[in-house]
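Worksheet for the structure shown next.
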Amino acid sequence: MRHLAFVHDSWFRHCCLGSTELFTPMGIWATVEPYRGAHGLDLSLDPALDEIMSVRDAQAAELEAWLDEVTAGQLAARASVPDVWPPYARGRLVQQCLGTVLNETFEHHGFCVRDLDLIEAQDAD
(Lines give C-alpha, C1' and ligand atoms only; values in the text may rest on other atoms or scores of the structure.)
Protein backbone atom coordinates (compact mmCIF):
# COMPACT_ATOMS: atom_id res chain seq x y z
CA MET A 1 0.00 0.00 0.00
CA ARG A 2 2.92 2.34 0.67
CA HIS A 3 4.26 1.65 -2.81
CA LEU A 4 0.85 2.54 -4.26
CA ALA A 5 1.03 5.89 -2.41
CA PHE A 6 4.27 6.48 -4.31
CA VAL A 7 2.77 5.28 -7.62
CA HIS A 8 -0.10 7.74 -7.25
CA ASP A 9 2.21 10.66 -6.48
CA SER A 10 4.67 9.85 -9.24
CA TRP A 11 2.68 8.50 -12.18
CA PHE A 12 -0.59 10.33 -11.50
CA ARG A 13 0.19 13.59 -9.75
CA HIS A 14 3.51 14.30 -11.40
CA CYS A 15 3.06 12.75 -14.85
CA CYS A 16 -0.68 13.14 -15.44
CA LEU A 17 -1.31 16.37 -13.52
CA GLY A 18 2.12 17.99 -13.85
CA SER A 19 2.51 18.50 -10.10
CA THR A 20 5.93 19.46 -8.74
CA GLU A 21 5.00 18.97 -5.09
CA LEU A 22 6.91 16.57 -2.87
CA PHE A 23 5.60 13.05 -2.58
CA THR A 24 3.67 11.65 0.37
CA PRO A 25 6.54 10.87 2.82
CA MET A 26 5.29 7.35 3.65
CA GLY A 27 5.50 6.23 0.02
CA ILE A 28 8.02 3.58 -0.97
CA TRP A 29 10.14 3.75 -4.08
CA ALA A 30 13.42 2.19 -5.11
CA THR A 31 16.04 1.96 -2.39
CA VAL A 32 18.93 2.51 -4.81
CA GLU A 33 20.57 5.80 -5.70
CA PRO A 34 19.71 8.25 -7.18
CA TYR A 35 16.12 7.53 -6.16
CA ARG A 36 16.61 6.64 -2.50
CA GLY A 37 14.83 9.20 -0.39
CA ALA A 38 14.02 11.34 -3.43
CA HIS A 39 11.16 13.81 -3.67
CA GLY A 40 10.32 13.92 0.04
CA LEU A 41 10.03 10.17 0.64
CA ASP A 42 11.08 9.06 4.12
CA LEU A 43 12.05 5.40 4.04
CA SER A 44 12.47 5.36 7.83
CA LEU A 45 8.73 5.83 8.44
CA ASP A 46 6.65 2.95 9.76
CA PRO A 47 3.05 4.19 9.50
CA ALA A 48 0.11 2.26 10.88
CA LEU A 49 -2.18 0.54 8.39
CA ASP A 50 -5.01 2.96 9.20
CA GLU A 51 -2.77 5.90 8.30
CA ILE A 52 -1.74 4.29 5.02
CA MET A 53 -5.34 3.47 4.16
CA SER A 54 -6.42 7.04 4.90
CA VAL A 55 -3.84 8.34 2.41
CA ARG A 56 -4.84 5.75 -0.19
CA ASP A 57 -8.54 6.57 0.22
CA ALA A 58 -7.81 10.27 -0.40
CA GLN A 59 -5.68 9.40 -3.42
CA ALA A 60 -8.41 7.15 -4.84
CA ALA A 61 -10.95 9.96 -4.45
CA GLU A 62 -8.58 12.36 -6.22
CA LEU A 63 -8.11 9.95 -9.12
CA GLU A 64 -11.84 9.25 -9.37
CA ALA A 65 -12.67 12.97 -9.50
CA TRP A 66 -10.07 13.48 -12.26
CA LEU A 67 -11.40 10.54 -14.26
CA ASP A 68 -14.87 12.10 -14.14
CA GLU A 69 -13.53 15.25 -15.83
CA VAL A 70 -10.58 14.18 -18.03
CA THR A 71 -10.96 14.52 -21.80
CA ALA A 72 -9.65 12.38 -24.64
CA GLY A 73 -7.38 15.27 -25.60
CA GLN A 74 -5.84 15.41 -22.15
CA LEU A 75 -5.23 11.66 -22.19
CA ALA A 76 -3.52 11.90 -25.59
CA ALA A 77 -1.15 14.68 -24.47
CA ARG A 78 2.51 14.14 -23.61
CA ALA A 79 2.95 13.53 -19.90
CA SER A 80 5.15 15.84 -17.88
CA VAL A 81 7.66 13.16 -16.89
CA PRO A 82 10.28 14.57 -14.49
CA ASP A 83 13.94 14.38 -15.55
CA VAL A 84 14.83 12.12 -12.61
CA TRP A 85 12.47 9.39 -13.88
CA PRO A 86 14.03 6.30 -15.45
CA PRO A 87 14.65 6.69 -19.21
CA TYR A 88 11.82 4.30 -20.14
CA ALA A 89 9.30 6.84 -18.85
CA ARG A 90 10.30 9.67 -21.17
CA GLY A 91 7.96 10.46 -24.02
CA ARG A 92 4.93 8.75 -22.49
CA LEU A 93 1.42 9.99 -22.97
CA VAL A 94 -0.87 10.83 -20.06
CA GLN A 95 -2.97 7.74 -20.85
CA GLN A 96 0.14 5.55 -20.57
CA CYS A 97 0.99 7.03 -17.17
CA LEU A 98 -2.61 6.50 -16.08
CA GLY A 99 -2.26 2.91 -17.29
CA THR A 100 0.74 2.47 -15.01
CA VAL A 101 -1.31 3.68 -12.03
CA LEU A 102 -4.21 1.36 -12.83
CA ASN A 103 -1.97 -1.63 -13.58
CA GLU A 104 0.00 -1.21 -10.34
CA THR A 105 -3.26 -0.97 -8.39
CA PHE A 106 -4.61 -4.11 -10.06
CA GLU A 107 -1.39 -6.08 -9.49
CA HIS A 108 -1.15 -5.08 -5.84
CA HIS A 109 -4.79 -6.04 -5.32
CA GLY A 110 -3.83 -9.49 -6.59
CA PHE A 111 -0.98 -9.67 -4.07
CA CYS A 112 -3.34 -8.71 -1.24
CA VAL A 113 -5.97 -11.27 -2.22
CA ARG A 114 -3.30 -13.95 -2.56
CA ASP A 115 -1.83 -13.14 0.84
CA LEU A 116 -5.23 -12.98 2.54
CA ASP A 117 -6.08 -16.38 1.04
CA LEU A 118 -2.82 -17.79 2.44
CA ILE A 119 -3.52 -16.34 5.89
CA GLU A 120 -7.05 -17.71 5.83
CA ALA A 121 -5.78 -21.16 4.81
CA GLN A 122 -3.22 -21.13 7.65
CA ASP A 123 -5.93 -20.18 10.14
CA ALA A 124 -8.10 -23.07 8.92
CA ASP A 125 -5.29 -25.59 9.64
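The values are calculated or read from the model by the stated rules, or taken from the named source; none is laboratory data. Bear in mind the structure is a predicted one, so any value in this text is a computation, not a measurement. Reconstructed Cβ throughout: ideal geometry from the backbone, glycine too, with neighbour counts over all protein chains shown. For accessibility, only protein heavy atoms count, side chains too; no ligands or nucleic acids. Shrake-Rupley method; radii C 1.70, N 1.55, O 1.52, S 1.80 Å.
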For the chain, what is the convex hull volume of its Cα atoms per residue in Å³?
126
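Dipole of the range 34-125, Cα-centred, from +1 at each Lys and Arg C-beta and -1 at each Asp and Glu C-beta, to the nearest 20 debye?
Numbers: 6 positive and 17 negative charges, 179 e Å.
With Lys and Arg at +1 and Asp and Glu at -1, about 860 debye.
Just the accessible area per residue of the range 8-125, please: how many Å² with a 1.4 Å probe?
Working: 7490 Å² over 118 residues.
It amounts to 64 Å² per residue over the range 8-125.
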